[in-house]
Amino acid sequence: MATPATQAKQRTPETAPCDYDVIVIGAGVSGIYQIKRLVDLGVRATVLDANQDLGGTWYNNRYPGARFDSESYTYGYSFSSELLNEWHWTERFSPQPETLRYLNFVVDKLKLREHMQFGCRVEAMRFNEPTDTWQLSLNDGRALSARVVIAGMGPLSTPTLPKFAGMADFKGISFHTANWPHAPLDLTGKRVAIIGTGATAIQIIPVIAQQAGQLTVFQRRANWAAPLNNGPISAPEMAAIRARYDDIFAACARSPAAFEHIPDSRRFYDVPPAERRAFWDRLYAEPGFGIWLANFAEIFLDEHANAEMSAYIADRIRQRVKDPALAELLIPKDHGFGIQRLPLETNYFETYNRDNVELVNSKATPIERITATGLRTSERDFEFDVIVYATGFDAFTGAYDRVDIRGLGGQSLRDKWAEGPVTYLGMLVSGFPNMVMLGGPQTAAANFPRGSEIAVDWIMPLLQHMQAQGHTRFDAQAGAEQAWFDAVKLSYQGLLMSKAQSWITGYNSNLDGHEYGHTRYNIFATGGVQYARHLKAAADGGYAGIAFA
Ligand code: NAP
C-alpha cells in the first residue's frame with residue numbers, strides 16, 4: 001500500500017491513460033439520464049449493464065401485473081420538453097411493458113444506445129491510487145479503467161430467494177419475480193404457488209388468479225394495501241397533462257416523496273372523527289398514494305392516530321373479503337397501516353373470494369421444504385406446477401455488496417457496510433474516491449425518476465468543477481460522512497416506521513445480518529424536500545464535505 005508520501009511521488013493522474021472519463025453502471029432510469037448529461041458534456045463515457053438491454057427494474061420485473069404506483073406523468077423525465085410533448089402515457093399508472101417502451105423511446109430519441117454496453121456485469125472495482133482511476137473487471141473477461149464511476153445499480157435490484165431445503169429438487173418451474181421468464185408463460189389450468197405477500201405479490205396475485213387452475217398464496221405476515229384506482233388516460237386528458245407539466249414537477253419538488261400527493265396540513269386531533277373517516281373515504285376512492293402520502297402526519301408519528309387509521313383500513317378489508325376468518329388473516333396484526341411501504345392493489349382482496357385461490361398462513365404452518373412436486377409445510381404437502389418466489393430484494397446495499405469494490409488502501413466497501421451503509425449525502429462514500437451513487441442508500445426514497453434527476457443534476461456541476469480546477473480526485477471527508485450518517489439516523493427518530501420490518505430498516509429474513517431489530521439506516525427519512533436542500537447547501541458551499549486533489 002502506498003504511504004501518502006510515496007503516493008505523492010507516484011501519482012501521475014493527468015498523464016495516466018484510462019479507457020473512459022466516466023463509466024456509468026446500470027442502464028436503468030438513473031443511468032439513462034446520467035449518460036445523457038455526460039454525452040452533452042462531451043466527456044468519454046459509457047454505460048455498462050449486466051442485462052441484455054436497457055431498462056433496469058423495468059427490464060427485469062416482467063411479472064403479470066407489474067406497474068408503478070407513481071402517476072405515470074410524474075414518472076417521466078422532466079428535463080426535455082420534446083420528450084414530454086411526444087410521449088403519451090396510456091394509463092394513469094403505467095404497466096411494465098409501457099414503461100420499458102418509454103425508456104427505449106427516450107434512449108432512441110436521444111441517441112444514447114451507442115453509449116451503452118449490455119451483457120457485461122461489473123464483478124470488481126479497484127481504485128488505483130497512483131493514477132486516481134478505477135479499474136473495473138467485467139464478467140466477460142475485460143478490464144476497463146475510468147476516472148469516475150457512477151453507479152446507478154438500483155435500490156431494489158438484487159433479488160433474494162428463501163433458503164428452503166430442497167429448492168433444487170423441484171421438477172416444475174420456479175423463479176423469483178424479478179426473473180419472471182421473458183418467453184410467454186401460459187399458466188392456464190396450472191397449479192401455482194406464490195410465496196410472499198409484499199408489493200410484488202399483491203400485484204401478481206389478482207392477475208394470475210384469473211389464469212391459473214389453482215393459486216395458493218403463502219403469507220407469513222399480512223400486508224396493508226389500498227386500491228390503486230388505475231384508469232386510462234385519453235388523448236384530451238394527456239393534452240391537459242402536458243399543459244400542466246411545469247406545475248406537476250413543481251408540486252413533486254414540494255412534496256416529501258416527490259409525488260403530487262402532499263400531506264394534509266390539518267392536525268389529526270383537530271378534525272372530528274366522523275370528518276376523518278369521510279376524508280379517508282375520499283382518499284380510498286382516489287387514484288394512487290393519496291391514502292398514504294396525503295394523509296395526516298400523525299398517522300406516521302402517533303400510535304393512537306395510526307391505530308385509528310389501521311382500524312379504518314381493516315374495516316375496508318372486511319367489507320371486501322367474504323369469509324370473515326380469511327379477512328382477519330389478511331389484516332396485519334403486527335404493524336400499523338403505512339408503516340411499511342404501502343402496496344397499492346387492484347382487486348387484491350376480492351381475489352381471495354375466488355374458489356381457485358387459497359391463502360395459507362405460513363406463520364402458523366411454516367414451509368419446511370420444497371419437494372420434487374411442490375412443497376411441504378408443517379401441516380401438509382402441496383403439489384405445484386409453478387412456484388413463484390415473491391420474496392423481495394437485498395435492498396439498497398445488495399447491488400454494491402455483489403461487486404468487490406475496493407477503495408483507498410484496498411478497503412472493501414462490503415466490509416465498511418457490514419453493519420449497514422454509511423455515506424455522504426447518499427451519493428459518496430469516504431475512502432472510495434471518484435465513485436458516485438445514484439439511488440443509493442441514505443438518499444430520500446422518493447418517486448424514483450425525480451430523485452434521479454436531482455442526483456444527476458447535483459453530480460454534473462461537481463464533475464465540471466473538478467475538470468475546471470484540474471483535479472483528478474474527489475472524496476467525501478470522514479467527518480462529513482459521519483455527520484450525514486447522524487442526520488440519517490436522526491431522521492428515523494420519532495417515526496413509527498423506524499420499527500418497520502421492511503427494507504426501510506434493512507430487514508430481510510433471507511440474509512444474514514438483516515434480522516429484524518438490527519436496524520440498517522437505508523434512507524434519509526425526512527424526505528425529498530429536505531434532502532434536496534442538503535444537496536444544494538453542499539454544492540453552494542463549494543462542495544462542502546468533499547476533498548479535491
Ligand atoms: P417485500 O416487500 O420484501 O416482500 C417479500 C415478501 O416475501 C414478504 O411478504 C415476506 O414475508 C415474504 N418472504 C420473504 N422470504 C420468505 C420466506 N423465506 N418464507 C416466507 N415468506 C417469505 O418484496 P417485494 O414485494 O418484492 O417488494 C419490495 C419493494 O419493491 C416494495 O416495497 C417496493 O418498494 C418495490 N415494488 C414496487 C412496486 C410498485 O411500484 N408498484 C411493485 C413491486 C415492488 P415477511 O414480511 O414475513 O418477511
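Rounded to whole Å, the principal axis extents of the Cα atoms in the chain read 75, 57, 46, largest first.
Against the longest alpha carbon principal axis of the chain, how many degrees, from 0 to 90 and to the nearest 10, is the axis of helix 478-492 turned? Rounded to the nearest ten degrees, it is 10.
Could you list log10 I(q)/I(0) for the stretch 507-549 at q = 0.29 Å⁻¹, which the Debye formula gives when each Cα is one point scatterer? For the requested q values the scattering log ratios are -0.97. Stretching Thr373 away from Asp53 to a fully extended chain increases their span by 111.8 nm, per 0.36 nm per residue minus the current alpha-carbon distance.
A P(r) calculated from all alpha carbon pairs of the stretch 203-350, with 5 Å bins opening at zero, reads 2, 8, 15, 19, 18, 14, 11, 8, 4, 1, 0 percent.
For the stretch 321-434, the spherically averaged projection of the C-alpha convex hull amounts to 11.6 nm². Each DSSP beta bridge with both residues in the chain is either parallel or antiparallel, and the antiparallel ones are about 40%. How about the stretch 407-511: which GluC sites (Glu not before Pro) there lie in a loop by DSSP and see at most 15 other Cβ atoms within 10 Å? Filter output for the stretch 407-511: Glu419.
Helix 96-109 axis versus longest C-alpha principal axis of the chain: approximately 20°, rounded to the nearest ten.
Estimated at the nearest 10 Å², the accessible area of Ser378 is 60 Å² with a 1.4 Å probe. Could you give the angle, 0 to 90 degrees to the nearest 10, between helix 448-469's Cα long axis and the longest principal axis of the Cα atoms of the chain? Roughly 0 degrees between the two axes.
All Cα-Cα separations within the stretch 275-332 were binned at 5 Å from zero, giving a P(r) of 4, 18, 25, 23, 18, 9, 1, each value a whole percent of the pairs. Annotation note: trypsin sites (Lys or Arg not before Pro) in the stretch 299-350 located in DSSP loop regions with a Cβ neighbour count of at most 13 within 10 Å are Lys322, Lys333.
By the gyration tensor of its Cα atoms, with a ≥ b ≥ c the square roots of the eigenvalues, what is the shape of the stretch 129-170: rounded for a/c under 1.5, prolate for a/b over b/c, or oblate?
prolate
Report summary: the helix-based calculation at 222 nm, which adds -39500 (n - 2.57) for every DSSP H run with n ≥ 4 and divides by the residues of the chain, gives -9500 deg cm²/dmol. Within the stretch 443-549, none of the trypsin sites (Lys or Arg not before Pro) combine a DSSP coil assignment with at most 10 other C-beta atoms in a 10 angstrom radius. First select every other residue whose beta carbon is under 12 angstrom from the beta carbon of Glu453; then total the charges, Lys and Arg +1, Asp and Glu -1. Summing Lys and Arg as +1 and Asp and Glu as -1 gives +2. With a 1.4 Å probe and every protein chain kept in, tell me what percent of the accessible surface of the stretch 131-248 is carbon plus sulfur. Percent of accessible area from carbon and sulfur atoms in the stretch 131-248: 54. Rolling a 1.4 Å probe over the protein heavy atoms gives the chain an accessible area of 40 Å² per residue. Partner aspartates and glutamates whose Cα lies under 18 Å from the Cα of Lys536, excluding those fewer than 8 positions away in the same chain, are identified as Glu453, Asp457, Asp475, Glu481. Where does the charge balance sit around Leu326 when Lys and Arg score +1, Asp and Glu -1, over other residues with C-beta under 13 Å from its C-beta? Result for the local shell: -1.
Would you please calculate the Kirkwood hydrodynamic radius of the stretch 394-539 over all C-alpha pairs and express it in Å, rounded to one decimal?
One over the average 1/r among Cα pairs gives 15.8 Å for the stretch 394-539.
The values are calculated or read from the model by the stated rules, or taken from the named source; none is laboratory data. Predicted model only: the values in this text are computed from it and were never measured. Glycine also receives a Cβ, built like all others from the backbone with ideal geometry; neighbour counts cover every protein chain displayed. For the accessible areas, the whole protein counts, side chains as well, though only heavy atoms, and no ligand, DNA or RNA atoms are used. Shrake-Rupley method; radii C 1.70, N 1.55, O 1.52, S 1.80 Å.
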